[in-house]
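Structure first, commentary second.
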Amino acid sequence: MTAKFDEAASELEQRNSELSLEVAREGIVLLENNGVLPLQCKKIALYGAGARHTAKCGTGSGEVNNRHSVSVEEGLEACGLQVTTKMWLDACDEQMHRGEEERDAKIKQIAKKYNVFQFWDLMNAIALPIVYPTGRDITERDVADSDTDTALYVLTRQAGEGMDRRVKKGEYNCDDKEIRDLKFISEHYKNTILVLNPGACIDVNPLLEMKLGAVIFMGQAGQNGGLALAHLLLGKHNFCGKLAATWAKNLQDLPCSDSFSYLDGNTDRELYKDGIYVGYRYFDTFDIKPKYAFGYGLSYTEFEIKAKAELSGGEVTVKAQVENIGKTAGKEVVQIYLSCPSGKIKREYQQLAAFAKTDLIAVGECGTVTAGFELKDFAAYDETRSCFILEKGNYIVRVGNSSRNTTPVATIVVDREFIVEKCKRIEFAQCRVEEIAAPVRYVEEEPVGDILHLDENAIQFVQNNYDTPKVNILPETKKMNVKELTCLCVGDPTLMSGGIPGVVGASGQIDTKVCKKYGYHPAVMADGPAGIRISMKYAVEPNGKIKTGGKLPQELVKAKKLFRFLDRIWSKTSKKAKFVYQFCTAWPSATVQAQTFSPALVRQIGIATSCEMQQYKVGIWLAPGMNIQRYPLCGRNYEYYSEDPILTAEMASALTLGVQSDERCAVTIKHFCCNNQEDNRMKSSSEVNERALREIYLKAFKLTVRKAKPKCVMSSYNKVNGTYVNSSYDLITNILRCEFGFDGVVMTDWQSVAKDQAVAGETICAENDLIMAGDKFQHKELLKAVKSGKVAKTSVQKCASRILNLCKNLNS
Ligand code: BGC
């Protein structure tokens, strides 16, 4: 069975909805509580656009078409609270609708400048952020009518692919009206609770100047976000989420605040002059106090952590006993940081090495957790010798419950230098950027805590092998003519010529004609990462034609005649049409997932998603997104886990293992690599030195590939040091395949191969197997490249074999 002809929620849908709720409850972070929470009131005054229009996720391909999302208003009501500001919320709704109309009108204007062949450029150009209304002024009358001493303000924002967040009022900064409203509320109600519903941090300074009872980072918490929040506010569950990224007091505190993306007026080249000093690595090393530290989050209770570290070979194990010394049951995240000595190579003050979350601990009880890491994974990259090294010195293991609240528990004494892994020098990543110079905050402290000596033979030296990766060339590919081979290496053209892929609303598919001829099922791909993104509802006409409906394309159709071809799919349905439903779960955003610090929960999301993939016959999920949150303004941060590679790797691995526990399903870890800005994402070059590239931006990919064996990787749109990632033999073959051991399919991001962008033949030569999404230009170009001899037939055979090997076991 695939899609359904009735609307009733299936058992799977209900089960997954419960899981989405649980993840949200564990991922929402309590930032401040001055004794106001848990809520004691029966009536609540609710304000802010996010109260009713709660954002479940950001915009773009990371969105999910789920059945229903519970708003904050609905969540509170479902828990028995009476919302007493309905008039204010209704007025806000009207403004919201007017705003949507204005946005549609703008899109129509923009669309006029494009033609149908620039469809993808157009999609980027119309990626306008949704601007939420601020509502009418809150009056004394509203306060009196609300008949309660407790008010809750939900501040919301939307962002997504194609555009970075703007430093302006109503976006990264608060709108004057938001500030005025919150001030008014805080002066008129005894208790004021501020709920933040953007995908990533915003400038909260002006808000925190007010008398607030509590502040919560809800983030974008999926389809049950509103309910999860209500459960936490009422104390039905305890907060246990921890921030996966540092919140700066001021953007100016961050390096690159004068140059990130559009900030310096140049989106063509992004200089990674921050080097390895990303997120807390920067704040801790440069000794700058953040507003909220990485790993920080309050609870209704308090814990005391006692930990002990052991060393066996090169593996460190920390056992922690966590005692609940407060008044409510709760869970705690034990975080382990490692400070490595700065010798020849200057290190960050500390880095997250491992973490573990306790089960629910009752008041006065103790829980124990164990977490470990391999010392070799924290070796520094020596650019001069092209190898990862552990320098001689004292390595301090710190344990606590946020990056700013730790105690040293052990010192690992390393008596000599260890060369951990020998790599090939990446010529194009040498001295590209002048990096900021860090003060050395940690050289070598006197040993503290237990002293553990690293054994002479504890670390195995790895010499990477850069021989051309071997692929089992399938006999079918030898029978194929050049046209068939190139067709396989480019996405199925149906979607890009206005048709419908194998699953309605999916993002792409492997070539159907060639697959069918040779007895393979052409796997269907759907986005990610916040759930499976396919059409929730479509119509089947009596003649078999499928119509999906939809708002945005209608705007385009009206704007330009050329877009009429889309009308075939999107136009109105007849009365005789039958409706088909495909309900998928909207999970909390990747950031909120990471804030759970629970790989076990994220693995469950993976398993649950594989069931939906199986139900709707999706073979390849275009998730997880695992770019590093390098700077708070990146439009897509909500789709990514964290600023930290270890947390990112743990989450991405858990998700991968969950999804791929069903061998008919594949994940696609994306966007490999350095896609850390959205403005001009298809043409910009991330200029980054080799060490930062390897220690920060490639590390999570490396660990995930080695630990969880994802079946697909999506190369990113951008260039790295002037070369398109999808055309870089160094990145795709030497590093991803030879060093990390990836043996699956690498696909481009959608429409990266285009005029004035990456060149089809060059991507195949780099062993980027598949060019997506698959338009005529891409097909023509690749065929031309093979026929002219620029690309060897054996190269396409190799890529085609990888693609068919992938399809063999996937959902059909
Ligand atoms: C995004 C990818 C996505 C693809 C397919 C692109 O614009 O960057 O993350 O998977 O579209 O929808």
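The values are calculated or read from the model by the stated rules, or taken from the named source; none is laboratory data. In this text, all values refer to a predicted model and were calculated from it rather than measured experimentally. Neighbour counts run over all protein chains shown; Cβ positions are idealised from the backbone, glycine included.
Identify the single condition in (1) assigned to a strand (DSSP E or B); (2) crowded, with 23+ Cβ neighbours inside 10 Å; (3) hydrophobic (A, V, I, L, M, F, W, C) that Ile389 does not satisfy, given that it satisfies every other one.
Against the list (1) assigned to a strand (DSSP E or B); (2) crowded, with 23+ Cβ neighbours inside 10 Å; (3) hydrophobic (A, V, I, L, M, F, W, C), Ile389 comes up short only on (2).
Quick check: anything in region 728-740 within 16 Å of the ligand (Cβ to nearest atom), in contact (Cβ under 8 Å) with a residue 60 or more places away in the chain and buried (at least 22 other Cβ atoms within 10 Å of the Cβ)?
Within region 728-740, the subset within 16 Å of the ligand (Cβ to nearest atom) is none.
Scanning region 728-740, I find no residue that is within 16 Å of the ligand (Cβ to nearest atom), in contact (Cβ under 8 Å) with a residue 60 or more places away in the chain and buried (at least 22 other Cβ atoms within 10 Å of the Cβ), so the answer is no.
Results for (1) closer than 22 Å to Ile696 by Cα; (2) surrounded by fewer than 24 Cβ atoms within 10 Å (Cβ to Cβ); (3) away from the ligand (no atom under 16 Å from the Cβ), shown as yes or no for each residue.
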{"site": "Met626", "(1), (2), (3)": "yes, no, no"}
{"site": "Ile646", "(1), (2), (3)": "yes, yes, yes"}
{"site": "Ala649", "(1), (2), (3)": "yes, no, yes"}
{"site": "His671", "(1), (2), (3)": "yes, no, no"}
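Within region 707-722, restricting attention to residues that are more than 16 Å from the ligand (Cβ to nearest atom) and of a type in the set (Gly, Ala, Ser), which residue is farthest from Gly162 (Cα to Cα)?
Looking at the filtered set, the residue picked out is Ala708.
Collect the residues in region 698-719 that are over 25 Å from Ala523 (Cβ atoms) and out of contact with any Ser or Thr (no Cβ under 8 Å at 6 or more places or on another chain), keeping them in residue-number order.
Once the filter is applied, which keeps residues that are over 25 Å from Ala523 (Cβ atoms) and out of contact with any Ser or Thr (no Cβ under 8 Å at 6 or more places or on another chain), region 698-719 yields Leu698, Lys699, Lys702.
Only one residue in Val753, Val746, Val725 is closer than 19 Å to Pro522 by Cα and within 16 Å of the ligand (Cβ to nearest atom). Which one?
Working: Val753 fails: closer than 19 Å to Pro522 by Cα; Val725 fails: closer than 19 Å to Pro522 by Cα.
Every option except Val746 fails the conditions.
Is there a residue being charged (D, E, K, R), within 16 Å of the ligand (Cβ to nearest atom) and out of contact with any strand residue (DSSP E or B) (no Cβ under 6 Å at 6 or more places or on another chain) anywhere in region 189-203? So that I can check it myself, show each step before the final result.
Taking region 189-203 and keeping what is charged (D, E, K, R), we get 190, 203.
Within this subset, residues satisfying the condition of being within 16 Å of the ligand (Cβ to nearest atom) are none.
No: region 189-203 contains no residue that is charged (D, E, K, R), within 16 Å of the ligand (Cβ to nearest atom) and out of contact with any strand residue (DSSP E or B) (no Cβ under 6 Å at 6 or more places or on another chain).
In this structure, is Gly761 closer than 28 Å to Ser684 by Cα and within 16 Å of the ligand (Cβ to nearest atom)?
Numbers: closer than 28 Å to Ser684 by Cα: yes; within 16 Å of the ligand (Cβ to nearest atom): no.
No, not satisfied.
Out of Glu18, Glu77, report the one residue that is within 22 Å of the chain's Cα centre (by Cα) and without any contact (Cβ under 8 Å) to a residue 24 or more places away in the chain. Even if it seems obvious, please write down each step before you answer.
Working: Glu77 fails: within 22 Å of the chain's Cα centre (by Cα).
Just one listed residue meets the conditions, Glu18.
When both residues are 6+ apart or on different chains and their Cβ atoms are under 7 Å apart, which pairs have a first residue that lies in region 521-548 and is away from the ligand (no atom under 16 Å from the Cβ), and a second that is of a type in the set (Val, Ile, Thr) and assigned to a loop (DSSP other than H, G, I, E, B)?
Close Cβ pairs (under 7 Å, with a partner that is of a type in the set (Val, Ile, Thr) and assigned to a loop (DSSP other than H, G, I, E, B)) amount to Pro522/Ile510; Tyr538/Val504; Tyr538/Thr548; Ala539/Thr573; Glu541/Thr573; Ile546/Ile500; Ile546/Val504; Lys547/Thr573.
When only residues in region 399-416 that are part of a strand (DSSP E or B) and among the small types (Gly, Ala, Ser) count, which is farthest from the chain's Cα centre (by Cα)? Break it down into steps so the answer makes sense when it comes.
Quick first cut of region 399-416, residues part of a strand (DSSP E or B) only: 399-402, 405-414.
Now restrict to residues that are among the small types (Gly, Ala, Ser): 400, 402, 410.
Details: Gly400: 25, Ser402: 21, Ala410: 33 Å.
Restricting to residues being part of a strand (DSSP E or B) and among the small types (Gly, Ala, Ser), the top hit is Ala410.
What are the residues in region 629-652 that are more than 25 Å from Leu338 (Cα to Cα) and outside any helix (DSSP H, G or I), if any?
Our first condition is that a residue be more than 25 Å from Leu338 (Cα to Cα); within region 629-652, this holds for 633-639.
Across region 629-652, the qualifying residues are Leu633, Cys634, Gly635, Arg636.
What number of residues in region 25-68 are part of a strand (DSSP E or B), more than 22 Å from the chain's Cα centre (by Cα), buried (at least 21 other Cβ atoms within 10 Å of the Cβ) and not hydrophobic (A, V, I, L, M, F, W, C)?
Just the residues of region 25-68 that are part of a strand (DSSP E or B), to begin with: 29-33, 43-47, 59.
Going one step further and asking which of them are more than 22 Å from the chain's Cα centre (by Cα), we end up with 32-33, 43-47.
Subset that is buried (at least 21 other Cβ atoms within 10 Å of the Cβ): 44-47.
Pick out the ones that are also not hydrophobic (A, V, I, L, M, F, W, C) and you get 47.
Number satisfying all stated conditions: 1.
Checking Met123 against (1) crowded, with 19+ Cβ neighbours inside 10 Å; (2) without any contact (Cβ under 8 Å) to a residue 60 or more places away in the chain; (3) closer than 22 Å to Gly505 by Cβ, which single condition isn't satisfied?
(1)
Got a sec? Which of Gly241, Gly235, Gly199 is farther than 18 Å from Val23 by Cβ and either buried (at least 21 other Cβ atoms within 10 Å of the Cβ) or touching a residue at least 12 places away in the same chain (Cβ under 8 Å) (or both)?
Details: Gly241 fails: farther than 18 Å from Val23 by Cβ; Gly199 fails: farther than 18 Å from Val23 by Cβ.
When all the criteria are applied, what remains is Gly235.
Just give me the residues in region 758-805 being outside any helix (DSSP H, G or I), of a type in the set (S, T, N, Q) and surrounded by fewer than 17 Cβ atoms within 10 Å (Cβ to Cβ), in sequence order. Full working, then the answer.
Pass one, region 758-805, residues outside any helix (DSSP H, G or I): 758-759, 766-775, 788-792.
Those still in the list that are of a type in the set (S, T, N, Q) too: 768, 788.
Listed by number, the list holds a single entry, Ser788.
Give me the pairs, please: first residue somewhere in region 134-146 and under 13 Å from Tyr189 (Cα atoms), second residue anywhere and hydrophobic (A, V, I, L, M, F, W, C) and in a helix (DSSP H, G or I), beta-carbon distance under 6 Å, and either six or more positions apart or on two chains.
Ile138/Phe184; Asp142/Trp88
Condition first: within 16 Å of the ligand (Cβ to nearest atom) and not in a strand (DSSP E or B). Can you find one or more residues in region 146-160 that meet it?
So the first thing to find is which residues in region 146-160 are within 16 Å of the ligand (Cβ to nearest atom), and the list is 159-160.
In the following step, the residues that additionally are not in a strand (DSSP E or B) were identified as 159.
Yes: one or more hits.
For region 167-194, how many residues are touching a residue at least 40 places away in the same chain (Cβ under 8 Å) and assigned to a loop (DSSP other than H, G, I, E, B)?
6
Taking into account only those residues within region 579-602 that are in a loop (DSSP other than H, G, I, E, B) and within 16 Å of the chain's Cα centre (by Cα), which is surrounded by the most Cβ atoms within 10 Å (Cβ to Cβ)?
To start, the set of residues in region 579-602 that are in a loop (DSSP other than H, G, I, E, B) comprises 582-589, 596-598.
Checking the rest, the ones that are also within 16 Å of the chain's Cα centre (by Cα) come to 586-589, 596-598.
Numbers: Ala586: 27, Trp587: 33, Pro588: 36, Ser589: 31, Thr596: 27, Phe597: 29, Ser598: 25.
Applying the filter and picking the extreme gives Pro588.
Being over 21 Å from the mean Cα position of the chain (by Cα) and more than 22 Å from Glu32 (Cα to Cα) is the filter here, so list the residues in region 155-213 that pass it.
Those that are over 21 Å from the mean Cα position of the chain (by Cα) and more than 22 Å from Glu32 (Cα to Cα): Val167, Lys168, Lys169, Gly170, Asp176, Lys177.
How many residues are at pLDDT below 55 and either among the small types (Gly, Ala, Ser) or touching a strand residue (DSSP E or B) at 6+ places or on another chain (Cβ under 8 Å) (or both) if we restrict to region 523-567?
Selection size over region 523-567: 2.
Given the criterion touching a Ser or Thr at 6+ places or on another chain (Cβ under 7 Å), modelled with pLDDT of 95 or more, closer than 18 Å to Leu698 by Cβ and surrounded by fewer than 24 Cβ atoms within 10 Å (Cβ to Cβ), identify the matching residue among Gly722, Gly744. Give the derivation first.
Values: Gly744 fails: touching a Ser or Thr at 6+ places or on another chain (Cβ under 7 Å).
Selected residue: Gly722, the only one of Gly722, Gly744 that is touching a Ser or Thr at 6+ places or on another chain (Cβ under 7 Å), modelled with pLDDT of 95 or more, closer than 18 Å to Leu698 by Cβ and surrounded by fewer than 24 Cβ atoms within 10 Å (Cβ to Cβ).
Keeping to region 417-447, report how many residues are part of a loop (DSSP other than H, G, I, E, B) and under 33 Å from the mean Cα position of the chain (by Cα). Quick ask: steps written out before the conclusion?
Pass one, region 417-447, residues part of a loop (DSSP other than H, G, I, E, B): 417, 423-426, 430-447.
From what is left, the residues that are under 33 Å from the mean Cα position of the chain (by Cα) are 423-426, 430-442.
Summing the residues that are part of a loop (DSSP other than H, G, I, E, B) and under 33 Å from the mean Cα position of the chain (by Cα) in region 417-447 gives 17.
Identify, please: which residue in region 222-254 is in contact with a strand residue (DSSP E or B) (Cβ under 9 Å, 6 or more places away or on another chain) and among the polar types (S, T, N, Q) and is, among those, farthest from Thr150 (Cα to Cα)?
This residue is Thr246.
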